[in-house]
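Participant: Please find one structure pasted underneath; my questions will follow.
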Amino acid sequence: MKIAFACAILTLGLTACTTLEQRVSGAAVGAGTGAVVAGPVGAVVGGAAGAVSAPAVVRTTRRATR
């Protein structure tokens with residue numbers, strides 16, 4: 001049940017994406033960071049977290065640089 005819930009949340013997060021490039025770059029950064037910290041499991045979790053949080057980070061960064 002937990003896996004199905006996590007997949008549903010991840011799917012909803014991915015469909016709310018503004019651009020695919022933000023998701024892909026966020027997933028890459030998250031996976032790299034997670035791999036360094038916790039190995040293969042960290043890479044998977046970091047990639048998912050990066051993909052979900054990337055658009056919010058990009059919006060905040062754009063606002064801060066204006």
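Participant: Each label point is 7 Å from the Cα along the Cα-to-Cβ direction; what then is the distance between the points at Thr60 and Leu20, in nm?
Facilitator: 2.7
Participant: With label points built 7 Å along Cα→Cβ from the Cα atoms of Ala6 and Val44, find their separation and express it in nm.
Facilitator: Each label point is offset 7 Å from its Cα along the Cβ direction, giving 0.7 nm.
Participant: Give the peptides 34-43, 48-57 in descending order of average Cβ contacts within 10 Å, highest first. List each step's numbers first, then the result.
Facilitator: Values: 34-43: 13.9, 48-57: 18.7.
In decreasing order of mean packing, 34-43, 48-57 become 48-57, 34-43.
We did not get these values from a lab; they are worked out from the coordinates using the rules stated. Everything quoted here is computed from the prediction, not taken from an experiment. Neighbour counts are summed over all protein chains in view; Cβ atoms, including those assigned to glycine, are modelled from backbone coordinates with ideal geometry.
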